[in-house]
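Okay, structure first, notes after.
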Amino acid sequence: MLHREVTRICKMGKSDRLADQIQLKIRDLVHGYMEKVYEYTAKTDSTMEDGDTETPIAFLTFFRDVWINFCLKMQTFRDVFLYLERTYLVKVR
């Protein structure tokens, strides 16, 4: 389904606009995930006590989940960019 939509946009001659929009989305996505990690660390730093081993483990678990979610979303962007590279970006060069 995604492939068909990207193909349709490229055939309409809007692949350059699509590439720009995807780059903005990626930037916003990265910023959003960085904010999540920052908020989590700010919250846990204020509650962490000396000798507390559960908090670092909880953070690593949280960070792993955020990272996995981020990677899954980036795969979609990668697929779109690969298609754009084969169609629009090759024509520009």
key: Any chance Lys25 is closer than 16 Å to Val80 by Cα, modelled with pLDDT under 80, surrounded by 10 or more Cβ atoms within 10 Å (Cβ to Cβ) and out of contact with any Asp or Glu (no Cβ under 6 Å at 6 or more places or on another chain)   = no
request  = Return the total of residues in the range 28-77 being loosely packed, with under 13 Cβ neighbours inside 10 Å, modelled with pLDDT of 85 or more and of a type in the set (Lys, Arg).
outcome  = 1
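The values are calculated or read from the model by the stated rules, or taken from the named source; none is laboratory data. Treat the numbers as computed from the prediction; the structure is a model and nothing was measured. With ideal geometry, Cβ positions are generated from the backbone for all residues, glycine too; neighbour counts draw on all protein chains shown.
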